[in-house]
Amino acid sequence: MPNARHSVARYGSVLLVLAWSVVAQGQTVNGSSPLHYINTSFENASPLHWQIGSDGVVHVYLIYDHERSSPNRANGHWFFEIQAVPGAELTLVLHNFDNVWNGKKGSPLDNRTIGFVSEDAKTWRVIRLETTRDNCLRFGVTVDTGSLYVARLEPYRLSDLEALKKRIAVNPNVEIKTIGKTVEGRELEIIRVGRTDAPHGVLLRARAHPWEPGGSWVVQGLIDRLLRDDAEARRCLRRYCVYVMPMANKDGVARGWTRFNVLGADLNRKWDRPPDPQTNPENHALETWLTSMVKRGRAAQLMIDLHNDNSGKLHVSRPDIDLEDYLAKMARLEAMLREHTWFTEGSTTASFRNPGSIGEGLLERFGIDACVLELNGNWIAGLDDYPSATNWELFGAQLCEALYRYFDDGDS
């Protein structure tokens with residue numbers, strides 16, 4: 001006969017399993033909630049678990065991704081489908097925004113944080129969210145059709161990139177070259193638009209951090225504008241060639257993560273040294289390609305790393321090297337962005353440094369004038385509008401002229 005301790009332990013384990021089953025299924029004990037399920041079985045959906053409180057509020061607990069050999073953790077992406085009784089009115093609370101960066105707690109939320117909803121995951125509209133005192137997000141939705149997608153920003157998924165590549169691959173001005181693979185074996189590519197012998201070259205990278213879709217929409221807008229084959233596009237491509245790494249952290253995008261790759265590497269850090277090909281094959285692939293371009297005398301003169309945040313600034317870092325020429329070029333870039341795009345937010349202060357970022361790394365190690373451009377994920381001041389895929393694609397299209405003017409050295 002088992003002793004009392006074992007019986008209690010076994011009985012407690014059964015209760016724990018039963019309790020977890022209730023939480024995992026997301027049902028109240030009496031089954032009275034109009035919520036049927038929260039679906040995360042699709043690409044870019046965020047990992048989470050959820051439960052329904054006694055008051056009917058749906059509590060969604062996002063799952064952090066973590067940095068390798070570090071206490072740092074990140075949450076900032078959410079994307080899931082609510083399946084419920086048609087016409088159901090639900091209140092949701094999103095939890096787990098107590099991020100850790102450089103060993104200190106911080107939050108990606110502020111009182112301007114917004115979200116998007118859609119019935120078909122294609123046509124999105126903005127919803128306002130309430131940031132609570134305990135660092136959560138609370139909001140209400142009506143599930144008119146029985147299904148409603150909820151996201152931080154309008155998603156740009158691997159399937160969206162594949163559709164873009166298929167659409168442009170036959171264009172004679174395009175080359176799509178595989179340069180390596182992610183940790184999980186997804187191919188990484190550089191998309192070249194223009195002639196390799198153009199007088200100037202610019203490299204753009206998007207999605208180093210998987211929650212930040214703005215960069216993907218921008219490069220799509222840029223590529224589509226340059227391939228329009230009108231007088232303006234031909235004029236731009238006579239002056240410069242564009243190299244695009246459209247999705248650096250494909251594994252993270254597929255999994256719906258926030259910041260790191262699947263082995264805990266931050267793709268916008270440790271650029272002050274060669275990347276580890278085992279834990280960071282994404283950066284290793286880009287560095288190998290960059291090195292080959294330098295050896296062939298075809299390195300880009302300008303590099304822009306595209307991100308999302310809550311400020312929207314141009315990050316111009318200042319490592320301990322001779323910066324006079326670089327700062328003059330960054331001032332010119334900012335001026336061209338202000339004149340030819342909807343960008344108005346300005347650049348970082350004269351004391352700004354971001355050690356290990358790709359901006360500093362490419363400047364110090366490759367001599368490339370590199371910077372990080374953050375796209376405000378809450379509000380576009382220059383348009384007096386919320387961020388959207390359409391507005392970011394517009395920025396990409398406008399960027400074509402800004403780059404043309406940036407590289408103006410008297411050529412035709």
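Using the structure shown, list the pairs from Lys270/Lys295; Lys250/Lys295; Lys166/Lys329; Lys105/Lys181; Lys165/Lys295 with a Cα-Cα distance above 30 Å, or answer none.
Numbers: Lys270/Lys295 22 Å; Lys250/Lys295 28 Å; Lys166/Lys329 35 Å; Lys105/Lys181 33 Å; Lys165/Lys295 28 Å.
Table pairs above 30 Å Cα-Cα are Lys166/Lys329; Lys105/Lys181.
For the chain, with only Lys/Arg (+1) and Asp/Glu (-1) charged at the beta-carbon, what is the dipole magnitude about the Cα centre, in debye rounded to 20? Walk me through the numbers on the way to the answer.
Working: 47 positive and 52 negative charges, 178 e Å.
The dipole of the chain has a size of about 860 debye.
Find how much the distance from His66 to Asp197 grows on full extension, using 0.36 nm per residue of separation minus their present alpha carbon separation; answer in nm with one decimal. Show your work: numbers first, answer last.
Working: separation 131, 0.36 × 131 = 47.16 nm, distance 4.21 nm.
Fully extending the segment from His66 to Asp197 adds 42.9 nm.
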Practice problem: Apply the Kirkwood formula to the stretch 232-327: the hydrodynamic radius equals the inverse of the mean of 1/r over all pairs of different alpha-carbon atoms; give it in Å with one decimal. | Solution: 16.0
Quiz item: Taking only the alpha-carbon positions of the chain and ignoring solvent, what does the Debye formula give for the base-10 log of I(q)/I(0) at q = 0.10 Å⁻¹?
Solution: -0.70
Quiz item: Quick one: length gained pulling Ile176 to Arg405 fully straight, 0.36 nm per residue minus the C-alpha distance?
Solution: 79.8 nm
Quiz prompt | Zero-based 10 Å bins, Cα pair distances in the stretch 25-151, whole percents | solution = 13, 42, 33, 11, 1
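Coordinate-derived values only; no laboratory data. These numbers come from a predicted model, not from an experiment. Here Cβ is always computed from backbone atoms with ideal geometry, including for glycine, and neighbour counts include all displayed protein chains.
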